[in-house]
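The values are calculated or read from the model by the stated rules, or taken from the named source; none is laboratory data. Note that the coordinates shown come from a computational prediction; the quantities given were computed from them, not determined experimentally. Note: ideal-geometry Cβ built from the backbone for every residue, glycine included; neighbour counts use all protein chains shown. These area figures cover heavy atoms from the full protein model, side chains too; ligands, DNA and RNA do not enter into them. Shrake-Rupley method; radii C 1.70, N 1.55, O 1.52, S 1.80 Å.
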Amino acid sequence: MADLLNIGTSGLLAFQRSLTTTGHNIANSDTEGYSRQRVNVATRIPQLSGVGYLGSGVQVTQVQRLYDEFLATQMRTAQTTASEMESYFDHASRIDNLLADPNIGLDPAIQDFFDAMQVVADDPASISTRQVLISEAGSMVNRYHDLSRQFVDMNTELNQELDDVATEISGLADSIAKVNQSIIEAIGASGGGTPNDLLDQREVLLNDLSKLVGIATVEQDNGALNVFIGKGQALVIDGSHATLSAVNSSADPSQRDIAFTNVSGTQVITEQLSGGEIAGLLNFRDQILQPAVNQLGLVAIGMTDRVNTQHQQGLDLNGNFGGQFFAPHSVGVLANANNTGGATVTSAYVDTGNLTASDYELRATTVANQFTMTRLSDGQVTTINTGGVYPYTTAEIDGITVTISAAATAGDTFLIQPTRNAANDLTMLITDPRTVAAAGPIRANVSTNSGGGPNLGSGAITQPDYTNTTNLPLAAPATITLEWSPTANLGGPGFTVTGGPGGTLAYDPTTQSNGASFTFAAYGGMSFTISGTPTSGDRFVIENNTGGVGDNRNALKMSDLQTSNTLLGQTGGAQEIATFQETYAQLVSDVGSKTHQAEVNFNATDGLRERHKNALLSVSGVNLDEEAADLIKFQQAYQAAAQVITVSNTLFDTLIGAVRR
């Protein structure tokens with residue numbers, strides 16, 4: 001009877017545990033990260049009898065956690081990538097929407113500025129049209145400032161987000177380390193039993209961590225799970241953990257780096273991190289935000305340089321050469337906070353048409369008097385050898401030169417930012433409409449024949465073009481007279497030049513009556529064309545454009561800058577390939593393209609994450625229908641086991657009663 005009673009008792013206990021576990025599953029069906037549990041049973045060791053081995057009941061061998069490590073790892077990996085793409089796409093969309101908004105975008109403001117310049121060219125003597133030009137220029141400057149402020153605000157918000165993410169990662173690392181310690185203690189206390197609910201708790205923390213940064217895990221024999229980030233940095237080891245923090249970059253204090261701190265000290269690991277929200281933020285900053293700021297600054301510098309250069313070649317209503325329309329820019333240079341040497345570095349613009357929308361790192365190498373200058377947008381390296389001569393100024397590199405004051409300690413770096421702050425620093429200097437230089441500095445007139453009357457021939461001269469202000473205005477007698485003679489040029493036909501460069505100009509009406517061009521390079525780079533058939537003694541005069549209030553040639557030149565290819569050239573002679581608006585349009589296009597690609601990538605990785613999540617849920621998730629069926633099955637089994645005990649009790653009573661008789 002004792003055997004039957006033990007068998008019934010073992011079944012009762014086993015199915016009681018099954019019922020308890022099933023109830024636990026049902027109660028946690030909506031608990032995040034809960035993995036379904038199952039009671040595994042096995043037969044007890046049978047007993048030998050005269051007729052062979054007889055069964056002795058059942059025993060619980062394990063409460064198993066239904067979990068697939070491979071699927072969980074796949075899900076975390078997909079989640080890391082999806083979180084990175086989501087963060088990148090969300091932030092990229094903000095810049096994309098900003099640049100596409102006509103109320104904020106720069107293109108309409110540039111168009112309005114040049115439209116106003118054309119109106120001045122149409123009526124150069126009008127004060128009102130000049131005032132409109134100044135007003136539109138001010139509006140364009142404000143648009144630059146608005147965009148720059150939006151970018152600065154985004155950078156500030158991004159820095160704060162990096163702070164928050166680093167703090168959250170550190171908090172999760174602390175929680176994982178504590179759960180690790182609890183698991184180690186629980187396994188030790190149970191003699192090797194698995195603390196399923198603690199494992200689920202750790203899994204939830206790992207999933208949360210994988211949303212923030214890419215992780216790798218290694219399970220230890222004691223049940224702990226070591227967690228690594230970046231290039232193998234140990235974030236969690238057993239019950240201890242490291243911390244992450246956002247710190248000001250030593251190269252650029254306006255940017256935040258990610259610092260990793262453990263018992264060995266602190267190191268910056270920004271470039272080693274991958275995956276998760278933190279990688280999305282860093283990639284957005286490096287691939288979209290900073291290039292957008294630089295490209296916007298490139299347009300601002302190009303407009304400032306070209307408009308200023310042209311404006312300074314013209315005359316205003318007061319008869320003076322034009323001043324700077326916009327305040328000139330300067331190249332930003334930041335010395336790394338960790339530099340140990342005493343060298344300083346400055347930089348200057350040489351040709352703004354050759355500038356790129358990139359920052360540069362100047363680094364002192366271990367070779368004496370040698371530096372490398374790396375274009376950070378694509379990694380192109382230029383090696384600089386000073387030969388021990390200081391201060392040393394380089395040849396042009398992408399539109400700038402760099403001056404190094406002294407030899408530097410190996411490893412010292414300097415961040416060169418040719419365009420970073422230009423949009424924010426753009427300032428208009430012209431405030432008086434009379435000082436808008438719309439007129440050309442020189443003019444050409446038909447003079448009188450040397451005989452005293454008007455020119456007798458059909459010769460004509462165009463208004464001189466000009467490219468600079470060298471030797472302008474013309475010095476006394478402030479005229480350049482061209483007098484034609486059949487023998488003026490070494491016995492041949494041409495003009496005798498009086499004033500200016502002097503000398504003669506060969507011109508033969510019989511072969512050149514359709515026009516011949518001449519240049520006085522030393523006098524404003526002026527060029528002009530003479531055509532027709534002059535008569536001996538006919539003269540032309542080139543003079544200062546005194547009182548030329550109705551002259552619009554310089555305004556036309558400034559208006560033509562809108563359609564001139566003035567930007568995105570290359571050092572070494574390659575022609576500029578883009579206008580101001582095309583350069584800005586390239587910025588809009590690049591951001592739009594990257595945003596669209598980020599959206600495609602996010603949708604793809606998010607779908608992959610869902611598939612892996614569902615695959616894991618098919619193993620670990622609680623199915624209430626299945627649990628309800630198990631509940632009924634275990635209830636009936638429990639009742640049957642109880643009936644076995646009842647039968648055993650009845651048999652025992654019967655046996656006792658028979659003995660008493």
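Exactly one residue out of 273, 235 is farther than 21 Å from residue 152 by Cα, of a type outside the set (Val, Ile, Thr) and over 27 Å from the mean Cα position of the chain (by Cα): that is 235.
Among the residues of the stretch 201-250, those identified as in a helix (DSSP H, G or I) and either among the aromatic types (Phe, Trp, Tyr) or open to solvent by less than 50 Å² (accessible area, probe 1.4 Å) (or both) are 202, 203, 204, 205, 206, 207, 208, 209, 210, 212. Assessment of the stretch 117-130 against the conditions (farther than 23 Å from residue 439 by Cβ and buried (at least 20 other Cβ atoms within 10 Å of the Cβ)) yields no matching residue.
Report yes if residue 482 is among the aliphatic types (A, V, I, L, M), in a strand (DSSP E or B) and open to solvent by less than 40 Å² (accessible area, probe 1.4 Å), otherwise no. Lay out the reasoning, then the answer.
Values: among the aliphatic types (A, V, I, L, M): yes; in a strand (DSSP E or B): yes; open to solvent by less than 40 Å² (accessible area, probe 1.4 Å): yes.
Answer is yes for this residue.
Say whether the condition of being surrounded by 16 or more Cβ atoms within 10 Å (Cβ to Cβ), in contact with a Pro (Cβ under 6 Å, 6 or more places away or on another chain) and within 23 Å of residue 287 (Cβ to Cβ) is met by at least one residue in the stretch 367-390. Checked the stretch 367-390: no residue is surrounded by 16 or more Cβ atoms within 10 Å (Cβ to Cβ), in contact with a Pro (Cβ under 6 Å, 6 or more places away or on another chain) and within 23 Å of residue 287 (Cβ to Cβ). Within the stretch 262-308, how many residues turn out to be over 22 Å from residue 358 (Cβ atoms), open to solvent by 50 Å² or more (accessible area, probe 1.4 Å) and in contact (Cβ under 8 Å) with a residue 24 or more places away in the chain? Residues meeting the conditions: 4.
Put simply, of 362, 426, 376, 355 the only residue that is under 25 Å from the mean Cα position of the chain (by Cα), among the aliphatic types (A, V, I, L, M) and over 30 Å from residue 110 (Cβ atoms) is 362. Taken together, the residues in the stretch 119-166 that are more than 27 Å from residue 296 (Cα to Cα), β-branched (Val, Ile, Thr) and under 23 Å from the mean Cα position of the chain (by Cα) amount to 1.
For the stretch 1-38, the set of residues classified as crowded, with 21+ Cβ neighbours inside 10 Å and under 11 Å from residue 622 (Cα atoms) consists of 22, 25, 34, 35, 36, 37, listed by residue number.
Would you confirm, using the coordinates I've provided, whether residue 472 is assigned to a loop (DSSP other than H, G, I, E, B) and not β-branched (Val, Ile, Thr)?
Criteria met by residue 472.
Sub-7 Å Cβ pairs linking a first residue in the stretch 325-349 that is among the acidic types (Asp, Glu) to a second residue that is not in a loop (DSSP other than H, G, I, E, B), at least 6 apart or interchain, number zero. For residue 156, the conditions (1) closer than 24 Å to residue 425 by Cβ; (2) of a type in the set (Val, Ile, Thr); (3) surrounded by 17 or more Cβ atoms within 10 Å (Cβ to Cβ) are fulfilled apart from (3). When you go through (1) out of contact with any Lys or Arg (no Cβ under 9 Å at 6 or more places or on another chain); (2) within 29 Å of residue 118 (Cβ to Cβ) one by one for residue 558, which number turns out not to apply? Looking at each condition in turn, residue 558 falls short on (1). Elements of the type strands (runs of 3 or more DSSP E) sitting completely within the stretch 366-464 and holding at least 1 residues that are polar (S, T, N, Q) and either closer than 21 Å to residue 335 by Cβ or out of contact with any strand residue (DSSP E or B) (no Cβ under 6 Å at 6 or more places or on another chain) (or both): these cover 370-375, 380-385, 400-404, 413-417. In summary, strands (runs of 3 or more DSSP E) completely within the stretch 47-137 and bearing 3 or more residues that are among the hydrophobic types (A, V, I, L, M, F, W, C) and touching a strand residue (DSSP E or B) at 6+ places or on another chain (Cβ under 7 Å) occur at 58-65. Within the stretch 157-204, the set of residues being in contact with a Pro (Cβ under 6 Å, 6 or more places away or on another chain) and closer than 30 Å to residue 90 by Cα is empty.
Sub-7 Å Cβ pairs linking a first residue in the stretch 63-78 that is under 22 Å from residue 214 (Cβ atoms) to a second residue that is basic (Lys, Arg) and open to solvent by 60 Å² or more (accessible area, probe 1.4 Å), at least 6 apart or interchain, are 75/613, ordered by first then second residue.
Looking at the stretch 315-326, can you tell me whether even one residue there is closer than 23 Å to residue 297 by Cβ, part of a strand (DSSP E or B) and either open to solvent by 30 Å² or more (accessible area, probe 1.4 Å) or among the small types (Gly, Ala, Ser) (or both)? No, the conditions are met nowhere in the stretch 315-326. Could you tell me whether the stretch 261-271 includes any residue that is over 30 Å from residue 565 (Cα atoms) and assigned to a helix (DSSP H, G or I)? Yes, there is a match, as at least one residue in the stretch 261-271 is over 30 Å from residue 565 (Cα atoms) and assigned to a helix (DSSP H, G or I).
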